[in-house]
Amino acid sequence: YQCIIGDPVNRRVYDIIPNRNLSTLKEYFRTLPREKIQMVVMDMWQPYKTLALKSFDKPILVVDRFHYVRHNVWALERVMK
């Protein structure tokens, strides 16, 4: 998996990190301006949440729509079965 760094408001991709290893992400996030990062949109992988909270000053965390819907569909299917 890759990690895409982008601006969803202006629809710009800033960078694509070739993997999502925590060591790689920690090093990359250290190069970003902590105070300017206000929001982190991510999938539901727990290490993303932990790293975002440690790396930035009180970011707003948002689960991306695809993963949110997917988990709800899976839960609904389990109930229906």
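A short reminder: the numbers here are calculations on the coordinates, not readings from a lab. Computed from a prediction, not measured in an experiment: that's the story for all the values here. Virtual Cβ from ideal backbone geometry, glycine too; neighbours counted across all protein chains shown.
Some points to look at:
- 1 or more residues aromatic (Phe, Trp, Tyr): qualifying strands (runs of 3 or more DSSP E) within the chain: 12-17
- Residue in region 55-70 that is among the hydroxyl-bearing types (Ser, Thr, Tyr) and either touching a residue at least 12 places away in the same chain (Cβ under 8 Å) or surrounded by 10 or more Cβ atoms within 10 Å (Cβ to Cβ) (or both) present: yes
- Every residue from region 24-81 that is closer than 17 Å to Asp7 by Cβ and in contact with a strand residue (DSSP E or B) (Cβ under 6 Å, 6 or more places away or on another chain): Tyr28, Met39, Val40, Val41, Ala52, Pro59, Ile60, Leu61, Val62, Asp64
- From the options Leu61, Leu53, residue that is among the hydrophobic types (A, V, I, L, M, F, W, C) and over 10 Å from the mean Cα position of the chain (by Cα): Leu53
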